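Undergrad: Input: one structure, supplied below.
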Amino acid sequence: ITINFSFSFFSSDAICNFVICNDSSLRSQPIIFNPDFFVEKLRHEKPEVFTELVVSNITRLIDLPGAELAQLMGEEDPKLPGTNNTASGFFRSLMTLKRKEKGVVFGSPLTEEGIAQVSQLIEYLHKNLRAEGLFRVPGNSIRQQILKDALNSGTDIDLDSGDFHSNDVATLLKMFLGELPEPLLTHKHFHAHLKIADLTLFDEKGNKTSTPDKERQIEALQLLFLILPAPNRSLLKLLLDLLYQTAKKQDKNKMSAHNLALMFAPHILWPRNVTANDLQENITKLNNGVTFMIKHSQKLFKAPAYIRECARLHYLGSRAHASKDDLDLLTSPGSKELQPLKSQKRSRLDSCHQEETQQRTEEALKELFRHVHNMPDSAKKKKLLRQFNKHTATLTPGSEVLMSPAPRRTRSRSFSGLIKRKVLGTPVILERRSRDATPEPERVSKENIHLLQKCGSPAHMSQAKPKSLEGRKE
């Protein structure tokens, strides 16, 4: 008896799997590594944390009002076009009657069993992509019904026997998608797909252009597909890969990505029981969106790098360097489980921001002080200089040296002052001197705290304290 032992350990950058096996043929096989392992683990074990993490980044890319965001999160029922329009009620009732008779596979909610049955059709079509007009030319209705009954009953089907044509199988695949209770991309995601189609580039002046922003669209679709139900995401991946391979052979089958999108957009994206009149101006946008999905299908089912990093940090708590997007992601509103990760990364981010902000503040204050210092002597200049001296304690150490108070001028003896000194005598003078010499305890303590935080040494405290006192005397 041969016993195989397998174990794995986690490094800072990847998951390494080692297999100890007595079979020499297996040792030469490459190790399979899934970069989205922690992403799938987080989605399976903590779906609420995962959904909040993904949705917070979706809202960073597209603008979703409160109602549409609540629909995406499943907190409200989606409000879809055509729900209040009764003009095309006859067509809606007709489509509803077509879906009334539910089978095990066709017309039922999407399940793993249904995907297993339909995957036979997809696998067969991968071998027959050269048929001209594939998915556009309808097949034989009798053969389609036989094949449909076989799939519903769960009987074994030999599609390679020659009894069925590729057009029969392609039409039946569209029929299966069209009879689902809701589109493959779900009703909750409908408004999000409309917003993704509107993502365009900005010019140098910050004005919006008509050129699609492909990078942001791909990123938004990656995030949106992450929160699809697992059966929907699995079937969508199989379907888009099939359509991608079909479009690659358009020289044979005459079906481009746009032609395929026209065939499948009503089944995977349009809301159920609506017509083209209900969608009106959005119909072109939806068709172009499905075309984009087909062309970029090989990139859409990979989690963005910052989602992978956040999921990995959630389980490993690694202190490995992360990009700015990763750190910004950790500051998004999350659950209590992500708090330790937030504190680790936010401290480094805050220190970098504080240094940059401190430098910019010092430069701006120095420039402002030079401008005030070069002003002609006036009451306004004196007032500004007093304000600088008053807030000396809150400035940075470099700016304290620059913004030293101007030399004090001796006060002129006013006539009212002479009268006071003659009438009241010296006690008034002594009282004023004692009041000026002793600062307010509470204010001084606060300034000391600010100075200790900024400077961090008693030497700065000793230099800054007389300045603040001089400012108070002024």
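Undergrad: What is the local net charge at VAL39, summed over the other residues whose Cβ is closer than 13 Å to its Cβ (Lys, Arg +1; Asp, Glu -1)?
TA: Here the charged neighbours net out to +3.
Undergrad: Spin-label point model (7 Å from Cα, Cβ direction): what's the MET175 to LYS127 distance in nm?
TA: Distance between label points: 2.1 nm.
Undergrad: Report the gain in length on full extension from THR209 to LYS366: 0.36 nm times residue separation, minus Cα-Cα distance, nm rounded to one decimal.
TA: Gain on extension, THR209 to LYS366, equals 52.5 nm.
Undergrad: Could you state the accessible area per residue of the range 178-311 in Å², with a 1.4 Å probe and every protein chain left in place?
TA: Spelled out: the 1.4 Å probe surface of the range 178-311, per residue, equals 41 Å².
Undergrad: Calculate what fraction, in whole %, of the accessible area of the range 124-216 sits on carbon and sulfur atoms when a 1.4 Å probe is rolled over the protein chains.
TA: Taking all protein chains in place, the range 124-216 shows 49 percent carbon and sulfur surface.
Undergrad: Then there's this: Calculate the FRET efficiency for VAL137 and GLU112 from the Cβ-Cβ distance with a Förster distance of 22 Å, rounded to the nearest 0.05.
TA: 0.10
Undergrad: Would you mind getting me the FRET efficiency between ASN277 and GLU45? Use the beta-carbon distance for r and R0 = 51 Å, nearest 0.05.
TA: 0.70
The values are calculated or read from the model by the stated rules, or taken from the named source; none is laboratory data. Just so you know, these numbers come straight off a predicted model, no measurement behind them. Every residue, glycine among them, receives a Cβ derived from its backbone with ideal geometry; neighbour counts consider all protein chains shown. Just the protein is used for accessible areas: all its heavy atoms, side chains included, with ligands, DNA and RNA removed. Shrake-Rupley method; radii C 1.70, N 1.55, O 1.52, S 1.80 Å.
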